[in-house]
Amino acid sequence: MMSLHIVVCIKQVPVSNNLKIDPVTKNVIRSDAQGMMNPFDKNAIEAALDLKERHDGEVTLLSMGPKNFEITLREGLAMGADRAILLSSRAFGGADTLATGYVLSEAIKKIGNVDLIFFGRQSIDADTGQVGPIVAEFLDMPQATYIHEINPVQNGKILATRLMENMEQVIEVELPAVITVRSELNEPRYPTLRNIQKSYQKEVEVWDENQLAADPNRIGIKGSPTIVRKVWTPENQKKVAESLGNHPDAAVQKLLEILRDKNIL
Amino acid sequence: MIQKEIWIYAEIHAGTIHPVTYQLITKAKQIAGDKKVVVLLFTPKGYTLETLLQVYGPDEIIIVKNDHLKDAPDSLIADLIAQLNHQRKPNSILFGATVIGRSISARLQAKLLTGLTADCLDLSFEEDLLIQTKPSYGDNIMCEIVCPNHFPQMATVRPNIFVAEKEESKTVLLTEIKNLVFKANKKIVVHAEKPLLSKGDSIANASRVLAIGRGASDKKTLVLIDELAHKLGAKIGVTRPLTDLPQFSVEDQIGQSGNSIAPKLLINLGLHGAVQFTAGIEKAELVISVNKNEKAPIFDYSDYQFVGDAQAFVEAMLKVIQ
């Protein structure tokens with residue numbers, strides 16, 4: 001039986017999508033926003049644990065962010081991951097997708113001997129889905145993105161099905177490879193009592209730039225080509241809905257007249 | 001030197017062009033100023049998809065025809081665009097914010113070490129600087145993003161945000177490029193893509209849509225809605241929770257992480273109107289909503305409202321619509 005070393009890259013996102021903007025600094029007010037694991041990343045961890053159970057091996061969680069991201073890594077350990085590494089340093093702050101992908105890829109090089117790298121399809125806050133392919137490119141690995149079906153590893157290859165808007169596509173990649181997963185792939189497990197207890201015996205390792213062979217000009221704000229010039233809350237262009245009345249038959253009559261007037265029916 | 005060119009990646013599925021490509025051509029022409037709008041078309045030999053693109057009137061179509069482009073992996077397309085980029089140095093490159101567009105563009109971004117803004121809702125230029133407006137945190141926050149010191153400036157753009165307009169009279173320069181290097185990649189094999197079974201056209205392109213939320217998700221109401229959809233020639237879309245029902249999937253989902261729709265007629269049934277949903281219906285022309293709760297936020301996005309039971313409303317419609 002082959003043994004797989006799988007890295008799962010995860011992100012902590014704000015619990016609420018109803019965030020406020022500081023009127024003075026124009027920054028998102030994050031301080032009181034509680035964090036949680038990006039939901040798609042749970043599917044990524046589940047996929048990794050499932051493969052680990054089939055093939056034997058090790059699952060390492062990797063995240064980049066402030067120290068409080070440890071809560072999210074701990075949750076992943078409680079799901080059953082073996083090891084957790086948090087890339088945390090002021091020097092990493094302000095990173096866009098390019099700098100984030102670069103730092104993650106340098107960390108994966110340092111971890112070494114990785115067979116598979118899983119990501120959730122995208123984070124629900126920034127919503128880019130870019131970091132997986134960026135890491136794949138930096139590590140010169142094949143990528144299979146937006147995957148909703150996955151087969152066990154055979155002959156050093158993995159067969160996965162990518163779900164597009166109206167199409168699907170089977171992709172065969174040779175390991176090592178990067179896979180980003182959709183929520184349709186699986187139902188993430190809940191932490192068991194045993195795994196929660198085990199997770200408390202594990203340390204979340206914290207690495208900063210000194211542990212990586214990273215180019216200082218390619219990390220954090222320095223390594224980020226994009227700049228957020230302005231942030232605002234969109235004007236709620238509320239419509240005032242006209243009532244169709246209270247009785248279904250009368251309402252439908254009125255609606256049909258409107259639709260005929262507008263040449264819609 | 002950076003050329004005054006805006007490039008658009010032509011996305012191809014099942015032998016035809018994805019509509020977002022046409023939308024991007026029209027938008028790029030509107031904001032181009034003194035810049036040229038150039039479409040990148042990668043196809044196997046034997047296809048003439050340039051004729052479909054020409055009628056939307058870009059300035060130029062760069063055509064690469066090669067049999068390695070049949071079921072090409074993301075990495076191959078990214079590598080070819082990178083080679084073209086080194087030859088011609090465009091100002092910017094635009095993609096649809098689709099599965100394919102997002103996957104290729106991010107790989108290309110890492111090759112070119114430049115910026116990429118995801119899921120843009122608007123684009124404009126200040127001189128040669130591309131101003132990119134993107135939502136964050138589930139469309140609750142808008143960000144204006146620029147990439148001032150790196151080229152090309154790259155963005156993916158959400159489908160159905162811009163309206164495609166034809167310009168058939170325009171003369172379009174067709175440039176076939178034959179000097180690109182196709183590097184063999186044994187590490188990935190992509191099999192032919194297949195249309196999803198059971199589904200025809202996407203709700204994204206439907207002109208009439210019935211959208212269903214939890215308040216209309218019981219078996220009986222669903223049967224009635226199905227009948228009404230047939231009578232109206234409408235497609236059925238759902239909110240995120242309903243994708244858990246066996247008859248629906250994410251391809252039927254409207255909203256963030258689902259489809260943006262732009263129908264002439266949208267009827268929302270038993271649907272509350274979470275921001276994740278309403279993010280996908282901004283381009284709907286006439287919106288009618290039915291919900292028992294008169295305070296449901298969906299009414300703030302509606303032209304007409306019926307406060308009441310979705311099933312009763314659908315039954316009333318079935319009585320009068322032939």
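The values are calculated or read from the model by the stated rules, or taken from the named source; none is laboratory data. From a predicted model like this one, the values you see are computed outputs, not experimental measurements. Glycine also receives a Cβ, built like all others from the backbone with ideal geometry; neighbour counts cover every protein chain displayed.
So the values come out like this:
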{"quantity": "Strands (runs of 3 or more DSSP E) (entirely within the range B:1-98) containing at least 1 residues that are closer than 23 Å to A:GLN130 by Cβ", "calculated": "B:5-9, B:36-43, B:92-96"}
{"quantity": "Residue list for the range B:162-219, restricted to those being away from chain A (no Cβ under 14 Å), surrounded by 13 or more Cβ atoms within 10 Å (Cβ to Cβ) and of a type in the set (Gly, Ala, Ser)", "calculated": "B:ALA164, B:ALA211, B:GLY213, B:GLY215, B:SER217"}
{"quantity": "Residues within the range B:112-158 that are within 15 Å of B:VAL20 (Cβ to Cβ) and facing another protein chain (nearest Cβ under 8 Å), tallied", "calculated": "2"}
{"quantity": "Of all residues in the range A:89-135 being among the charged types (D, E, K, R) and farther than 18 Å from B:CYS120 by Cα, the one that is farthest from the other protein chains (Cβ to nearest Cβ)", "calculated": "A:ARG90"}
{"quantity": "Residue count, the range B:148-179 (criterion: closer than 19 Å to B:ILE2 by Cβ and of a type in the set (Phe, Trp, Tyr))", "calculated": "1"}
{"quantity": "Members of the range A:153-168 found to be touching a strand residue (DSSP E or B) at 6+ places or on another chain (Cβ under 8 Å) and assigned to a strand (DSSP E or B), listed by number", "calculated": "A:LYS157, A:ILE158, A:LEU159, A:ALA160, A:THR161, A:ARG162, A:LEU163, A:MET167, A:GLU168"}
{"quantity": "Top-ranked residue of the range B:85-103 - restricted to ones that are more than 8 Å from every other protein chain (Cβ to nearest Cβ) and touching a Pro at 6+ places or on another chain (Cβ under 8 Å), ranked as surrounded by the fewest Cβ atoms within 10 Å (Cβ to Cβ)", "calculated": "B:LYS89"}
{"quantity": "Complete set of residues in the range A:223-245 that are assigned to a loop (DSSP other than H, G, I, E, B), without any contact (Cβ under 8 Å) to a residue 24 or more places away in the chain and either more than 30 Å from B:ILE267 (Cβ to Cβ) or touching a strand residue (DSSP E or B) at 6+ places or on another chain (Cβ under 7 Å) (or both)", "calculated": "A:PRO234, A:ALA241, A:LEU244"}
{"quantity": "The listed residue being on the phi < 0 side of the Ramachandran plot and out of contact with any helix residue (DSSP H, G or I) (no Cβ under 6 Å at 6 or more places or on another chain), out of B:PHE299, B:PHE313", "calculated": "B:PHE299"}
{"quantity": "Strands (runs of 3 or more DSSP E) completely within the range A:63-152 that count 2 or more residues being basic (Lys, Arg) and surrounded by 23 or more Cβ atoms within 10 Å (Cβ to Cβ)", "calculated": "none"}
{"quantity": "Filtered residues of the range B:222-241 (kept if modelled with pLDDT of 95 or more and among the hydroxyl-bearing types (Ser, Thr, Tyr))", "calculated": "none"}
{"quantity": "Matching residues, the range A:207-222, being surrounded by 15 or more Cβ atoms within 10 Å (Cβ to Cβ) and more than 9 Å from chain B (Cβ to nearest Cβ)", "calculated": "A:TRP207, A:GLU209, A:GLN211, A:LEU212, A:ALA214, A:ILE219, A:GLY220"}
{"quantity": "Count - residues of the range B:104-127 that are touching a residue at least 12 places away in the same chain (Cβ under 8 Å) and under 25 Å from B:ASP79 (Cα atoms)", "calculated": "15"}
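To keep it simple, each residue is scored yes or no on (1) within 12 Å of another protein chain (Cβ to nearest Cβ); (2) free of Cβ contacts under 8 Å to residues at least 40 places away in the same chain; (3) within 28 Å of B:PRO19 (Cα to Cα); (4) not in a loop (DSSP other than H, G, I, E, B).
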site	(1), (2), (3), (4)
B:THR221	no, no, no, yes
B:ASP226	no, yes, yes, yes
B:LYS231	yes, no, yes, yes
B:THR243	yes, yes, yes, yes
B:GLN256	yes, no, yes, no
B:HIS272	no, no, no, no
B:VAL287	yes, yes, yes, yes
B:ASP300	yes, yes, no, yes
B:GLN305	yes, yes, no, yes
